[in-house]
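The values are calculated or read from the model by the stated rules, or taken from the named source; none is laboratory data. Predicted, not measured: the structure shown is a model, and the values here were computed from it. Positions of Cβ are generated from backbone atoms using ideal geometry, with glycine treated the same way; all protein chains shown enter the neighbour counts.
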Amino acid sequence: MQKDLFSSLQKWWDAGKQKINGLAVCFSSYKKKASLEARSLLLNLVSHPKGNIESSVVSCHYVYALTLASLAK
């Protein structure tokens, strides 16, 4: 924003703060949405190996443990 477009330095500063606040809110909601989608994907991934582990398929234990560790993060 150009300072000379505003009648005072205070109005320019307030407009800049509003712009930064808007960007922060957009970024935060984007990150939250991405986090929820990643969590949902991990929950879906963990259900498949868990079923195989309960059926005594040992080869899926590593995948299951890795997915649970990612989910914990």
Checklist entry - Do we have any residue at all in segment 39-57 that's at pLDDT below 85, loosely packed, with under 10 Cβ neighbours inside 10 Å and among the β-branched types (Val, Ile, Thr)? => result no
Checklist entry - Among all residue pairs at least 6 apart or on different chains, which show Cβ distances below 7 Å where the first residue, located in segment 15-35, is within 19 Å of residue 1 (Cβ to Cβ) and at pLDDT 95 or above and the second is among the polar types (S, T, N, Q) and surrounded by 10 or more Cβ atoms within 10 Å (Cβ to Cβ)? => result none
